[in-house]
Amino acid sequence: MLGMQLQLTPLIVFCGLAALAARACPGEYHAHGHLHERRAYPQVQLPPPSRPLEWGDVNIIHTTDSHGWLLGHQKTPFPEPNYSGDLGDFASFVTHMKQLALEKDVDLLLVDSGDIHDGAGVSDGFPPGGVDGHESSKFLFELPYDVMAIGNHELYLYDVTYDMHKTFVPQLNGRYLSSNANITLLDDSGQTVSVPVGDRYVKFTTRKGRKVTSLGVIFDFTGNDVNTTVQKVEDMVKEHWFAEAIEEEPDFFLLAGHMPVATSDNWPTVFNAIRAVHPTTPILILGGHTHIRDCVQYDGRSMALESGRYMETVGWMSAKLDDKGSTKNLTFSRRYLDPNRVTYEYHSGRSNSTFDTQQGISITKGLNDLAEQFNLSMLFGTAPHSYLLSGAPYPSNDSLLSLYAEALTYSLTVNNTRADIPHIMIATAGSQRYDIYAGPFTKNDQLTVSPRSNSFWYIPNVPLSIARQVLSTMNAPATSNRRREMVEERYARGDVDVQYSAWLAEMGRRASVYGVERRDNENATLGYVTSDSCPGIGDDIAHTPVPVFSQPDYTGSNAPTGLPDDTPIDLVFDDYSQDDCLIALNALQSDKVYTDADALPYSDVVAKDVYGIYAQKYWN
């Protein structure tokens with residue numbers, strides 16, 4: 001379908017409010033059962049929001065890049081407790097906010113900008129034969145999303161894309177949008193056809209009678225699987241269906257999409273194409289993908305909001321509209337909420353004993369049951385201390401990348417016939433997604449820290465003198481042109497580590513420069529401290545920035561010692577690192593030109609299994 005017209009009726013959810021005696025107050029709750037047992041209230045003290053939300057005529061609650069983090073962040077070191085709310089808590093929050101919108105007689109919409117797969121146990125912990133996110137995504141059906149958009153993690157594997165097309169999209173009744181992303185399949189007559197994964201666009205009417213036109217656009221992604229296609233944004237806006245979609249002027253355009261809102265990316269292309277037809281119509285944009293908090297106004301009658309990652313942020317946008325044809329600047333607001341019960345209760349005007357809805361309780365129970373079904377609490381071992389991805393220098397004892405290199409040397413050689421052959425192992429740092437915290441290390445932790453299924457290959461008989469230089473060559477500063485090309489190539493394949501790390505680094509730089517002025521926040525907990533280009537303060541709660549250290553593109557094991565320089569060794573690498581590894585090898589010597597044909601499978605172990613194997617050996 002090229003588009004869909006539908007009329008949204010007022011949404012009133014009648015849910016019983018739970019006030020379970022055992023969960024009445026902080027301090028009265030004692031966790032029992034598996035590790036994902038619901039906690040009625042954060043087990044550490046959290047600050048409340050700094051001020052009420054600003055409501056407008058149209059208000060939006062925004063999620064993006066949740067990556068399966070539906071059970072919330074349940075570790076105790078900060079900043080984890082900031083994000084301790086689970087999807088059941090969020091559902092209760094949305095229900096109460098919908099009721100507030102009714103009382104205020106305004107519109108409240110719920111929007112998601114993609115990447116619901118890959119990153120946490122309830123999405124990735126499925127048994128053999130399953131599909132990533134198939135079970136966890138069912139809980140998203142229960143929330144009243146007005147618009148959802150496709151992300152790149154819905155396109156890496158064809159079976160995931162197909163599952164979305166066949167099982168997820170129909171549940172959203174035309175509200176799941178993939179304006180420039182298609183899937184190839186067989187039609188009823190057995191012919192191969194390429195069709196949108198969801199819908200190109202949707203037009204609907206809000207509870208207050210406002211007409212809305214929505215699109216769901218993904219950036220110029222090149223890492224999609226075979227039998228899926230992503231059209232460049234600049235080509236999409238030239239399509240006949242696009243012109244048809246935007247021809248009629250709505251009360252406002254609602255653009256959801258998996259693209260960062262920075263002016264250097266693709267959103268301005270869509271924005272300018274609409275502005276060429278409708279110079280003054282309000283445009284509300286909800287972006288994503290780079291995992292940061294950001295806000296931009298392309299003109300005085302628009303706002304573009306990006307709301308973080310991993311359910312560490314719930315975005316809020318409001319707009320006060322005026323008459324069609326007006327050229328005056330509109331009044332917008334935006335806020336980045338820390339998703340926890342303290343935040344949710346504050347803004348919904350509820351207490352701990354009146355916050356839970358029956359729907360929220362049911363979702364939490366269902367997610368906990370799924371975690372038990374997937375055996376996510378299976379214990380591999382106990383981490384002796386925390387290992388941090390960007391919060392510790394590399395190399396160091398506290399560095400996750402240093403730990404990963406160490407874990408590779410054991411996990412890849414267990415039951416491996418080449419274990420006794422000297423080797424050096426190299427892996428992309430980008431495959432590591434989260435920190436390991438001191439304490440129990442479970443199947444769920446393994447999947448959140450390293451969710452990818454990167455395979456490992458090797459080139460035999462590489463002289464030790466050459467092999468020991470490969471990692472440093474791969475990590476060496478490139479020329480400015482080559483570095484830019486590398487970043488662009490990785491970004492096009494979906495890697496946002498450079499962008500997210502740069503955002504964290506800038507956060508730390510600002511804190512050091514303006515630290516004296518922040519003395520009144522000396523007792524603030526660790527968390528995000530956002531600076532964007534929209535007016536006012538975006539963060540809902542003041543935090544102290546998390547420490548951040550520069551990290552390499554690749555990590556690797558130490559070279560064997562006590563061996564002659566001409567010793568032939570195995571150079572082992574993951575599939576994502578292969579191209580750069582070959583470039584380095586060929587730059588370091590001229591005796592042989594190495595190609596993909598020289599790479600051989602090294603182990604059946606994939607990246608997401610490495611820590612579990614290591615922990616069973618060394619953390620017990």
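The values are calculated or read from the model by the stated rules, or taken from the named source; none is laboratory data. As the structure is a prediction and not an experimental result, all values here were calculated from the model. As a convention, Cβ positions derive from the backbone with ideal geometry for all residues, glycine included, and neighbour counts pool all protein chains shown.
Given the options S136, S92, name the one that is crowded, with 24+ Cβ neighbours inside 10 Å and over 17 Å from the mean Cα position of the chain (by Cα).
Going through S136, S92 in turn, the sole match is S92.
Against the conditions (1) at negative phi; (2) in contact (Cβ under 8 Å) with a residue 24 or more places away in the chain, where does A276 fall short? Just the number, please.
Of the numbered conditions (1) at negative phi; (2) in contact (Cβ under 8 Å) with a residue 24 or more places away in the chain, the odd one out for A276 is (2).
Identify the residue in segment 214-268 that is in contact (Cβ under 8 Å) with a residue 60 or more places away in the chain and hydroxyl-bearing (S, T, Y) and, among all such residues, is nearest to P279 (Cα to Cα).
So, considering only residues that are in contact (Cβ under 8 Å) with a residue 60 or more places away in the chain and hydroxyl-bearing (S, T, Y), the one nearest to P279 (Cα to Cα) is S214.
Look through segment 54-69, keep the residues that are polar (S, T, N, Q) and either in contact with a Gly (Cβ under 9 Å, 6 or more places away or on another chain) or in a loop (DSSP other than H, G, I, E, B) (or both), and return whichever of them is nearest to G439 (Cα to Cα).
Ranking the qualifying residues of segment 54-69, first place goes to S66.
Here's the yes/no breakdown for (1) exposed (fewer than 14 other Cβ atoms within 10 Å of the Cβ); (2) on the phi > 0 side of the Ramachandran plot; (3) at pLDDT below 95:
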{"position": "L464", "(1), (2), (3)": "no, no, no"}
{"position": "A467", "(1), (2), (3)": "no, no, no"}
{"position": "S472", "(1), (2), (3)": "yes, no, no"}
{"position": "S480", "(1), (2), (3)": "yes, no, yes"}
{"position": "D495", "(1), (2), (3)": "no, no, yes"}
{"position": "A505", "(1), (2), (3)": "no, no, yes"}
{"position": "G508", "(1), (2), (3)": "no, no, yes"}
{"position": "V513", "(1), (2), (3)": "yes, no, yes"}
{"position": "D520", "(1), (2), (3)": "yes, no, yes"}
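Which residues, counting only those in segment 301-315, are of a type outside the set (A, V, I, L, M, F, W, C) and assigned to a strand (DSSP E or B)?
Those that are of a type outside the set (A, V, I, L, M, F, W, C) and assigned to a strand (DSSP E or B): S302, E306, S307, G315.
Those residues that are of a type in the set (D, E, K, R) and at pLDDT 95 or above, I need them from segment 574-590; list them, please.
Result: D574, D575.
Can you tell which of D591, D566 is within 14 Å of I459 (Cβ to Cβ), among the charged types (D, E, K, R) and part of a loop (DSSP other than H, G, I, E, B)?
D591
Being at pLDDT 95 or above, in a loop (DSSP other than H, G, I, E, B) and over 25 Å from the mean Cα position of the chain (by Cα): is that true of P250 here?
yes
Restricting attention to segment 394-407, does a residue exist that is within 16 Å of D574 (Cβ to Cβ), surrounded by fewer than 24 Cβ atoms within 10 Å (Cβ to Cβ) and not hydrophobic (A, V, I, L, M, F, W, C)?
Yes, there is a match, as at least one residue in segment 394-407 is within 16 Å of D574 (Cβ to Cβ), surrounded by fewer than 24 Cβ atoms within 10 Å (Cβ to Cβ) and not hydrophobic (A, V, I, L, M, F, W, C).
When segment 218-236 is examined, which residues are found to be in contact with a Ser or Thr (Cβ under 6 Å, 6 or more places away or on another chain) and in a loop (DSSP other than H, G, I, E, B)?
Scanning segment 218-236 gives a single hit, N227.
Kindly provide the set of residues from segment 522-532 that are surrounded by fewer than 12 Cβ atoms within 10 Å (Cβ to Cβ) and either of a type outside the set (D, E, K, R) or at pLDDT 90 or above (or both), ordered by number.
N523
Restricting the first residue to segment 81-101 and requiring it to be of a type in the set (G, A, S), which pairs with a second residue that is crowded, with 23+ Cβ neighbours inside 10 Å and part of a helix (DSSP H, G or I) meet a Cβ separation below 6 Å and a spacing of at least six or different chains?
Filtered contacts from segment 81-101: G85/R341; G88/G360; G88/I363; G88/T364; A91/G360; A91/I363; S92/G360.
If you check N82 against the conditions, is it crowded, with 24+ Cβ neighbours inside 10 Å, in contact with a strand residue (DSSP E or B) (Cβ under 6 Å, 6 or more places away or on another chain) and farther than 30 Å from R207 by Cβ?
So N82 fits the description; yes.
Which of the residues that make up segment 419-434 are surrounded by fewer than 20 Cβ atoms within 10 Å (Cβ to Cβ) and of a type outside the set (A, V, I, L, M, F, W, C)?
Matches in segment 419-434: D420, P422.
Which one is farthest from T205 (Cα to Cα) among residues in segment 109-127 that are surrounded by fewer than 24 Cβ atoms within 10 Å (Cβ to Cβ) and among the hydrophobic types (A, V, I, L, M, F, W, C)?
Looking at the filtered set, the residue picked out is F126.
When you go through (1) touching a residue at least 40 places away in the same chain (Cβ under 8 Å); (2) within 24 Å of Q616 (Cβ to Cβ); (3) in contact with a His (Cβ under 8 Å, 6 or more places away or on another chain) one by one for L367, which number turns out not to apply?
Of everything listed in (1) touching a residue at least 40 places away in the same chain (Cβ under 8 Å); (2) within 24 Å of Q616 (Cβ to Cβ); (3) in contact with a His (Cβ under 8 Å, 6 or more places away or on another chain), L367 misses just condition (2).
Conditions first: (1) within 28 Å of the chain's Cα centre (by Cα); (2) surrounded by fewer than 24 Cβ atoms within 10 Å (Cβ to Cβ). N416 passes all but one, so which condition is the exception?
In the conditions (1) within 28 Å of the chain's Cα centre (by Cα); (2) surrounded by fewer than 24 Cβ atoms within 10 Å (Cβ to Cβ), N416 misses (1) alone.
Of all residues being surrounded by 17 or more Cβ atoms within 10 Å (Cβ to Cβ) and in contact with a Phe, Trp or Tyr (Cβ under 9 Å, 6 or more places away or on another chain) in segment 545-564, which is farthest from A467 (Cα to Cα)? Just the residue, please.
It comes out as P545.
For the structure I just gave you, tell me whether G391 is assigned by TED's automatic domain parsing to the domain that holds G88 and out of contact with any strand residue (DSSP E or B) (no Cβ under 7 Å at 6 or more places or on another chain).
Judged against the criteria, G391 is not a match.
Which one of P547, P601, P552 is in a strand (DSSP E or B), farther than 20 Å from P463 by Cβ and not polar (S, T, N, Q)?
P601
Output the residues belonging to segment 186-226 that are within 24 Å of the chain's Cα centre (by Cα) and polar (S, T, N, Q).
S214, T222, N224
The rows are residues; the columns are (1) out of contact with any Pro (no Cβ under 7 Å at 6 or more places or on another chain); (2) at pLDDT 95 or above; (3) assigned to a loop (DSSP other than H, G, I, E, B).
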residue	(1), (2), (3)
A31	yes, no, yes
H34	yes, no, yes
R38	yes, no, yes
P42	no, no, yes
P52	yes, yes, yes
L71	yes, yes, yes
G85	no, yes, yes
D89	yes, yes, no
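Got a number for residues in segment 253-274 being in contact with a strand residue (DSSP E or B) (Cβ under 8 Å, 6 or more places away or on another chain), of a type outside the set (F, W, Y) and modelled with pLDDT of 95 or more?
12
Of all residues in segment 440-456, which are under 20 Å from S386 (Cα atoms) and not in a helix (DSSP H, G or I)?
P440, F441, T442, S450, P451
Scan segment 378-385 and give yes if some residue there is farther than 25 Å from L140 by Cα, of a type in the set (A, V, I, L, M, F, W, C), at pLDDT 95 or above and surrounded by 22 or more Cβ atoms within 10 Å (Cβ to Cβ), otherwise no.
no
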